[in-house]
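Inspection log for the structure reproduced underneath, given as structure tokens.
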Amino acid sequence: MTLTRVLVIEDDPIIGEMLTLYLTEENFDVQRVETARDGKHALDTFKPDILLLDLMLPDASGTELCAEFRHLTAVPIIVISMKPSVTVRIQAISYGADDFLVKPFSMQELKVRMEAVLRRTMNLIPGGVKAPASLPQHDSHHAPPSSSGGLTLDLERRTIVLDGEHIETTFSEYEIMKLFYQHPNRVFSREELINAVRGIDSFINDRAIDVHVTNLRRKLEKNPKEPQFIKTVWGVGYKFMNP
């Protein structure tokens, strides 16, 4: 039975020890580090399945940490922070975090949120154990991407393929894009898009949806100000068109 690997980047010794003990007792394989530098190193050596990230570390701080770690890994990121500001939550999610917990928080709630994120992204099965142990390794036998015109989805890698190039996204961006892709030309309200990713973005709202769409346009469109794929339907929401 393979345990889910959790990387905890937390410099507070009390909180860090509590997280380590609790998650270990809940059958997770846990490694804790205290700095952003050690966390980046552990991505390669420990190869975690999920990352718990404090935003205030000795060698780095702020929501930009989410962007740094999202650039380095595709695994889910849950931010744990003393800052309750809605602005900070939205910024963290916009920069790549998949969920946000404000300290102090319930350990049971943390576990439930971890499992919710992993269920949506890595096929978690009950008890904190999943298969396979890490993101799939891809070779000539992996399933072909779902195809439609110039833009496709690679369902295994959870990436968007544009003109043969894999475009990395956050998990929430991918969920929104998958919904668009499965229903071309259908207009989705912001509320429908919120419901599509609820459980990944715990604090998602209309503004967060607009940020995710803006980020998708930057990644996919030749001219984000004149989008060809994701169109705004004023007063309603958005729709996807695949030229």
Quick one: what pairs do we get from segment 41-56, first residue crowded, with 22+ Cβ neighbours inside 10 Å, second acidic (Asp, Glu), C-beta under 6 Å, 6+ apart or different chains? Asp54/Glu10
Take the residues in segment 190-243 that are touching a helix residue (DSSP H, G or I) at 6+ places or on another chain (Cβ under 9 Å), part of a loop (DSSP other than H, G, I, E, B) and modelled with pLDDT under 85, then tell me which one is farthest from Val86 (Cα to Cα). Asn242
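The values are calculated or read from the model by the stated rules, or taken from the named source; none is laboratory data. What you see is a predicted model; the values in this text were computed from it and never measured. So basically every Cβ, Gly included, is an ideal-geometry build from the backbone, and we count neighbours across all protein chains shown.
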